[in-house]
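Asker: Shown below is the structure under consideration.
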Amino acid sequence: MSIATKIQGAIENASWIRRMFEEGAALTARFGAENVYDFTLGNPAVEPPEAFRRELRKLAEQPIPGMHRYMNNAGYDFTRQAVAEFLSEQTGLAITSGHIVMICGAGAGLNVVFKTILNPGEEVIILAPFFVEYKFYVDNHGGTTKEVWTDRETFQPDIKAIEAAIGPNTRALLINSPNNPTGVVYTAETLTALGTMLERKQKELKRTIYVISDEPYARLAFDGNKVPPVFQSIRNSIVVTSHSKDLALPGERIGYLAANPAMDDCALFMEGAVFCNRVLGFVNAPALMQRLVAGLQRESVDVSEYQHKRDVLYYHLTGLGFKMVKPGGGFYLFPQSPLEDDVAFVRKALDHNILLVPGSGFGAPGYFRIAYCVDMGVIKRSLPAWDKLAKDVGL
Ligand SMILES: Cc1ncc(COP(=O)(O)O)c(C=O)c1O
């Protein structure tokens with residue numbers, strides 16, 4: 001074998017999202033795109049806000065000398081200042097550009113953070129259901145993951161279960177709100193309880209345990225609510241986020257990581273993160289995108305569109321007898337599988353040209369994920385197919 005055994009294994013166990021994507025391509029070829037309802041990918045169907053295109057046009061027409069050159073590995077200071085200003089306003093903390101590193105999306109940012117903090121064999125607690133790439137990212141840097149279930153009724157972090165999982169080898173807890181795949185927003189009370197428990201455990205174990213908050217969906221909150229900022233509740237916290245979802249720019253690979261100014265050895269962590277951004281080969285986040293997002297920190301795609309899509313699907317499906325937690329943000333639904341075997345259910349859905357991802361792909365057998373970041377037309381056209389599928393599985 002000419003490639004690493006571990007990678008060969010990973011390829012052979014291709015993710016469910018990838019497998020369903022391939023099924024989708026086959027169905028589309030057979031029935032036509034209009035008759036296939038693909039809810040597998042978290043790839044926003046909406047366009048970036050008009051302000052983004054306006055700024056892009058301006059830069060193309062009036063280029064700034066040197067705008068395509070290397071810069072500080074942390075990113076442009078003016079962009080980091082704009083991000084810091086936004087975060088200071090949001091949290092009431094004194095966040096400066098020195099607490100920010102611009103990154104090539106949240107996926108890259110998580111890799112930067114894990115490389116910065118993990119010694120070989122150290123543990124990162126992840127909360128099931130989880131975004132499956134987490135396991136690979138931790139493994140990339142010699143760490144191991146420990147899975148802890150969220151509360152089954154609410155999908156909120158289960159503080160007692162997390163406390164029980166923390167040991168002398170725990171280096172970090174990874175959280176994600178609004179969550180992929182559940183769409184659940186963690187409450188301020190949950191975050192405060194988490195922060196209190198972690199202060200106690202860190203004292204007891206005499207070690208820093210970071211909370212890494214993966215928040216690419218943070219601006220997609222519904223029903224007039226805001227996602228509670230983690231920095232206010234958890235001292236040793238790092239935010240990793242991107243503009244893949246809030247500005248609909250996933251292909252542009254732009255985001256940032258931010259360190260809580262109150263955390264242990266903050267300056268050292270920042271120095272480490274800037275170094276790791278460089279040596280992982282990202283070097284710096286895309287220069288053009290850094291310029292553009294500096295002025296867009298208060299912009300977002302139309303969140304009411306996502307809320308409307310959630311409502312149409314949530315009420316239709318619960319009306320048919322599907323059971324699920326009503327999401328407070330993001331663009332996913334995570335219902336219970338009506339069949340015990342979630343993979344068998346997802347296969348049944350294929351008979352009705354509905355493409356879904358089984359919960360098994362998120363460490364959560366017995367559920368399935370719907371990514372509703374698709375055109376409203378797809379959602380509306382899919383409703384009769386959902387009716388037939390519900391009947392087919394005895395709902
Ligand atoms: C929970 C979560 N984290 C991280 C990412 C990675 O996003 P990106 O690297 O595009 O910022 C995604 C993408 O879907 C996600 O759902």
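Every number here is computed from the coordinates shown, using simple stated rules; none is lab data. All of these numbers come straight from a predicted model, not from anything done at the bench. Counting neighbours? That spans all protein chains shown, and the Cβs are built from the backbone with ideal geometry, glycine included.
Asker: Suppose we flag GluC sites (Glu not before Pro) only when DSSP calls them loop and at most 13 other Cβ atoms lie within 10 Å. Which is the longest uninterrupted stretch of the chain?
Answerer: Counting only loop sites that pass the neighbour cut-off, the longest clear stretch is 154-339.
Asker: Taking the chain as the reference, fit the longest principal axis to its C-alpha atoms, fit the long axis of helix 188-205 to the helix C-alpha atoms, and give the angle between the two in degrees, 0 to 90, nearest 10.
Answerer: 50 degrees
Asker: While we're on this one: In a shell of Cβ-Cβ distance under 13 Å around LEU194, excluding LEU194 itself, what net charge do Lys and Arg (+1) and Asp and Glu (-1) give?
Answerer: -1
Asker: Each label point is 7 Å from the Cα along the Cα-to-Cβ direction; what then is the distance between the points at LEU288 and ALA29, in nm?
Answerer: Label at LEU288, label at ALA29, 3.3 nm between them.
Asker: Please build a GNM for the chain, connecting alpha carbons under 10 Å apart, and tell me which residue among LYS206, LYS309, LYS226 fluctuates the most.
Answerer: Checking each option, the largest mean-square fluctuation is seen for LYS206.
Asker: Before rounding to the nearest 500, sum -39500 (n - 2.57) across all DSSP H runs of length at least 4 in the chain and divide by the residue total; then give [θ] at 222 nm in deg cm²/dmol.
Answerer: -13000 deg cm²/dmol
Asker: What list of ³J(HN,Hα) values in whole Hz, one per residue of the range 220-235 in order, does the Karplus curve 6.51 cos²θ - 1.76 cosθ + 1.60 (θ = phi - 60°) give from phi, with Gly and Pro shown as x?
Answerer: Karplus-based 3J(HN,Hα) across the range 220-235 equals 9, 10, 9, 6, x, 8, 10, 6, x, x, 5, 4, 5, 10, 10, 5 Hz.
Asker: List the residues whose amide H sits under 5 Å from the amide H of ILE103, counting only those 5 or more places along or on another chain, with H placed 1.01 Å from N in the peptide plane.
Answerer: GLY255, TYR256, LEU257
Asker: May I pose another question? Once R0 is set to 30 Å, what does the formula 1/(1 + (r/R0)^6) return for the Cβ-Cβ distance between ASP265 and GLU163, expressed as a FRET efficiency to the nearest 0.05?
Answerer: Rounded to the nearest 0.05, the efficiency is 0.80.
Asker: Here is a follow-up. Just the number: Rg to Rh for the chain, Cα atoms, Kirkwood Rh, two decimals.
Answerer: Working: Rg = 21.2 Å, Rh = 21.9 Å.
Across the chain, the Cα-based Rg/Rh ratio is 0.97.
Asker: For the range 310-322, take each phi angle, set θ = phi - 60°, evaluate the Karplus expression 6.51 cos²θ - 1.76 cosθ + 1.60, and give the result in whole Hz per residue in order, putting x for glycine and proline.
Answerer: Along the range 310-322, the couplings run 4, 4, 4, 6, 4, 6, 5, 6, 5, x, 7, x, 5 Hz.
Asker: So, one more: Angle between the Cα long axis of helix 376-392 and the longest principal axis of the chain, 0 to 90 degrees, nearest 10?
Answerer: Roughly 50 degrees, rounded to the nearest 10.
Asker: Another one. What percent antiparallel are the DSSP beta bridges of the chain, to the nearest 5?
Answerer: The antiparallel proportion sits near 40 percent.
Asker: Hey, which of these cross-link pairs are over 31 Å Cα-Cα: LYS115/LYS323; LYS115/LYS245; LYS135/LYS203; LYS115/LYS203; LYS146/LYS203; LYS115/LYS201?
Answerer: LYS115/LYS323, as the Cα separations exceed 31 Å there.
Asker: What do you get for Rg/Rh over the range 72-201 if you use C-alpha atoms and the Kirkwood form of Rh? All intermediate terms of the calculation are to be shown ahead of the outcome.
Answerer: Numbers: Rg = 15.9 Å, Rh = 16.2 Å.
For the range 72-201, the value is 0.98.
Asker: Taking θ = phi - 60°, what integer Hz values does the Karplus form 6.51 cos²θ - 1.76 cosθ + 1.60 yield along the range 281-286, in sequence order, with x for Gly and Pro?
Answerer: Along the range 281-286, the couplings run x, 6, 6, 7, 5, x Hz.
Asker: Relative to the longest principal axis of the C-alpha atoms of the chain, give the angle of the C-alpha long axis of helix 342-351, reported between 0 and 90° and rounded to the nearest 10°.
Answerer: Its long axis makes an angle of about 60 degrees.
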